[in-house]
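Below you'll find the structure, written out as structure tokens, and then a few comments.
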Amino acid sequence: DIAEGFYVFPQAGGSEIMRALCSDYGVDCCDTVMSCLGLPKIVETMNSGNVQKLCQLVPILVAAATESTQTRREMVSSGLLSAAVSALQSSTDKEQSAYTLDLISCLSASPDVGGSHTYQVPVGFCQGVESALEGLGYSDDGFYLRLLRTATMLISRSQPTSETTVLCQIVVQKVANRSVPVSLRVEACKLVWAITSTCQITDGSHLRDAMEKVIEFMKEFNGERGQPLNLKVQEAAGGCLVGIAACLRHNPISLDHQTIDVFMGSIYKTMPLRDQAAKFTSLVLTAMWSLCFVDEPALLRAGLIVIVMDVMSAYTNSAEIQEKSCAVLAKLASSENIQITLSIVETDGITHIVRALGAFPSNKGVTSQASRALAHLSTDDETRILVSALGGITSLVSAVDNFANDQVLLESAFSALLNLTSDVPEHFLDMTRIVRTIVKTMSIYDDSSSGLQENGLGILQNVCMKGVAAKETIAFEGGIETVVNTMGNYITIPTILERGFSTLWSLAVLPANQSRIAEAKGIEMVVSSIYASTEYERVQQQGCGCIFTLALDPHNRLALRRAGCVDAIVLTAKAHFSSVHVHTEVNRCLACLSTPDVGRFQIPSISEDELDTILFSMSRFEGAEDIQVHGCQALLNFLRAGNSSSIFMSKRGSMVQAMERASSRFG
């Protein structure tokens, strides 16, 4: 009866009763109310344009849709959402439009699994907003605030649509219109921000126009033109610039220096406000980061690096600002241009970055961006010393420990540590902690990140070069097993094999490590890796050097031969027949592998292939002293093999000739 009476006498009080039933008595009551009102009749009423009925009906619908997901779905499927959008487009009554906005907002929401909502901008909604903005004067600020805020909320939480592009151009004009109240211009800025943040605006001229108008709005209230500094305006304009800059990143244009000066200068005008201006400063830094992809030279000419340093000095306690500042510096440093690096160093950039890294050790954003910046900046040798002296290595190792589950962050930190450990003095390094952290992290990602593993091997290789104690530390902390396992997991990646060979070569300089590598099945892995990378000269050179060092141990010599090492080396020599570097290592390996040990480890036999390899090398590279020396040693060792007489019978003349040539030239 109440529902039937409502359609006849909409203002008789029935609407309040039905709204209360939906709000206070749950889903069952909502279903009952909607059943009594009837969805077809509701849609008909929405399309009728009857302002009196609509203003009473819509609050009931909003209450029911808010309480019942099923009711909301039925409303949408019945065409009620489309009818509401049409009503907004044609409405000339502010109250009706306001209620209609509430209904559209409610019906556009879909509950997620977690209880939050995602939205979809309904077809025609943007045209409805355009109609309302163009057709309804500015006598009621409250309605327009509601309109702009609803549009911002829907668009910011929805997938982009083609309609929003046209809406953006209209709203930008409202931002520039000084006859529009400031509060509305601020909300218009926020709507432009929501639209541009989807990066859907691709027209460069539209983006330039939007940027110029937003910058002008910012300048109008930055304290220069008689108006007091308005931080709300600055924040809204700053956010708007973030969205525009994101669009420009994919559709670059040249930047006008006056435009850059205004929004960069605004940082200094708001800086005395300190914490109050932190949000605005963060927004401008975000826009600067995006604009670095658009016209980096223009930003550098405008003093971007100095501005970032001043900001980092002024906001030392703000993790967000330190993160954004480090992100800008990381982007600038990514070119690895020596002039940019020097500019950052000379303005105390390294000090600021390392300080931020140490001040916020548990902040993922700061740590990630600071690590990325240091990874690029540490390619310069003087910068490496400075970073190390300021404690940067210690902070990066802590970052690896603290964020062991963030692979992207780890890759930046590993890259920085790879550079920093290459040539810094030993006293800057906590050997045990570095090795333990690197080995542990590599074991976590043992088969999921080739870049991380390659840099990890490089760090261990760098540490190896620091002396005997470093080699012992790596062995004690499980580094040998880690290197061997990594080579096995990435046996098809030559750069990883090269790093692995180099590291094992350095480790095997210690006699104790020679046997440890063998116990870790390193001999089998080295031979397999030689076969897997035959075509790569650098890898083969490092591999042969590694084999030579391992073969200094007499037990390893026999194990290497049994593992097929000689055949692998012969194949290497054939594959790189013109490389003097490879053949130097090949001859040295074959000489070492055939060395007897006081009779106890007499080589039982040699192959004709290894003899031919030595003779070929000595003949082809007559002027290479190392090849001749190692070749003569190998021939001498071959004579002691158990099968030497049968092998040498047909090669005696070539052997004598090779040794005479070497003797006459280098004797």
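The values are calculated or read from the model by the stated rules, or taken from the named source; none is laboratory data. Note that the coordinates shown come from a computational prediction; the quantities given were computed from them, not determined experimentally. Quick reminder, even Gly has a Cβ in these numbers, built from the backbone with ideal geometry, and neighbours come from all protein chains shown. Surface areas here come from the heavy atoms of the whole protein model, side chains and all, with no ligands, DNA or RNA. Shrake-Rupley method; radii C 1.70, N 1.55, O 1.52, S 1.80 Å.
Give, in nm to one decimal, the length gained when the segment between Val123 and Glu382 is fully stretched (0.36 nm per residue of separation minus the Cα-Cα distance). Walk me through the numbers on the way to the answer.
Values: separation 259, 0.36 × 259 = 93.24 nm, distance 5.94 nm.
Gain in length upon complete extension: 87.3 nm.
Looking at the chain, the pairs of alpha carbons with a distance over 48 Å make up 44% of the total.
Mind pulling the angle between the C-alpha long axis of helix 125-135 and the longest principal axis of the chain? Nearest 10 degrees, somewhere in 0 to 90. With rounding to tens, the tilt is 50 degrees. Pairwise Cα separations in region 246-374 fall into 10 Å bins from 0 onward with the following percentages, short to long: 13, 47, 35, 5. Helix 26-37 sits at what angle to the longest principal axis of the chain, using alpha carbons and giving 0 to 90 degrees rounded to 10? Rounded to the nearest ten degrees, it is 50.
Across region 565-667, the convex hull enclosing all Cα atoms gives 86 Å³ per residue.
If the chain linking Glu224 and Gln173 were pulled fully straight, counting 0.36 nm for each residue of separation and taking away their Cα-Cα distance, it would gain 16.1 nm. Its alpha carbons give region 507-620 an Rg and a Dmax of 13.2, 38 Å. In this simple spin-label approximation, His555 and Phe476 carry label points 7 Å from Cα along the Cα→Cβ vector, and these lie 2.2 nm apart. Ranked by the mean number of other Cβ atoms within 10 Å per residue, highest first, peptides 543-552, 165-174, 449-458 order as 543-552, 449-458, 165-174.
Can you give me the accessible area per residue for region 218-298, using a 1.4 Å probe, in Å²?
Accessible surface, normalised per residue, equals 39 Å².
Solvent-accessible area of Tyr536, all protein chains in place: 90 Å² (probe radius 1.4 Å, heavy atoms, ligands and nucleic acids excluded).
Rounded to two decimals, the Cα radius of gyration of region 156-259 over 2.2 N^0.38 Å is 1.02. Between Ser663 and Asp446, how high is the FRET efficiency from 1/(1 + (r/R0)^6) when r is the Cβ-Cβ distance and R₀ = 41 Å? Nearest 0.05. With R0 = 41 Å, the Cβ-Cβ based efficiency is 0.20.
Taken one residue at a time, the phi angles of region 410-418 give Karplus couplings (6.51, -1.76, 1.60, θ = phi - 60°) of 4, 5, 5, 5, 4, 4, 5, 5, 4 Hz. Gly and Pro are set to x. The simple spin-label model puts a point 7 Å past each Cα toward its Cβ; for Thr432 and Ala575 those points are separated by 4.1 nm. In a solvent-free Debye calculation with one equal scatterer on each Cα, what is log10 I(q)/I(0) for region 300-454 at q = 0.10, 0.15, 0.20 Å⁻¹, listed in the order of the q values? After summing over all Cα pairs, the log10 values are -0.32, -0.71, -1.24.
Counting only heavy atoms of the protein chains and using a 1.4 Å probe, His427 has close to 140 Å² of accessible surface. Going Cα to Cα from Lys190, which aspartates and glutamates come in below 13 Å? Please leave out same-chain ones fewer than 8 positions away. Partners found: Glu235. Using the Cβ-Cβ distance between Ala404 and Gln52 with R0 set to 60 Å, the FRET efficiency from 1/(1 + (r/R0)^6) comes to roughly 0.40. Considering only Ala314, Ala287, Ala210, the residue lying farthest towards the positive end of the dipole of the chain is Ala314, judged by Cα position with unit charges set on Cβ. Sequence-ordered 3J(HN,Hα) estimates for region 217-228 from the Karplus curve with 6.51, -1.76 and 1.60 and θ = phi - 60° stand at 4, 4, 5, 4, 10, 9, x, 8, 10, x, 7, x Hz, glycine and proline given as x.
Can you figure out the FRET efficiency of Cys199 with Asp423, using R₀ = 41 Å and their beta-carbon distance, to the nearest 0.05? Given R0 = 41 Å and the Cβ-Cβ separation, E is 0.45.
Using only alpha carbons, build the gyration tensor for region 537-586 and give me the equivalent ellipsoid semi-axes, biggest first, whole Å.
Semi-axes from the Cα gyration tensor: 20, 11, 7 Å.
Rounded to the nearest 10 degrees, the inclination of helix 163-176 to the longest alpha-carbon principal axis of the chain is 70 degrees.
What whole-number value in cubic angstrom gives the convex hull volume per residue for the C-alpha atoms of region 1-110?
Dividing the Cα hull volume of region 1-110 by its residue count gives 83 Å³.
Volume of the convex hull of region 175-322 (Cα atoms only), normalised per residue: 100 Å³. The overall shape of region 156-217 is oblate: from the C-alpha gyration tensor, with semi-axes ordered a ≥ b ≥ c, the ratio a/c is 1.5 or greater and a/b is no larger than b/c.
For the chain, adding -39500 (n - 2.57) for each run of n ≥ 4 DSSP H residues and dividing by the number of residues yields -23500 deg cm²/dmol at 222 nm. Applied to region 505-520, the Karplus parametrisation 6.51 cos²θ - 1.76 cosθ + 1.60 on θ = phi - 60° returns per-residue 3J(HN,Hα) values of 4, 5, 5, 6, 4, 7, x, 4, 6, 4, 6, 5, 5, 4, 5, 8 Hz, with x for Gly and Pro.
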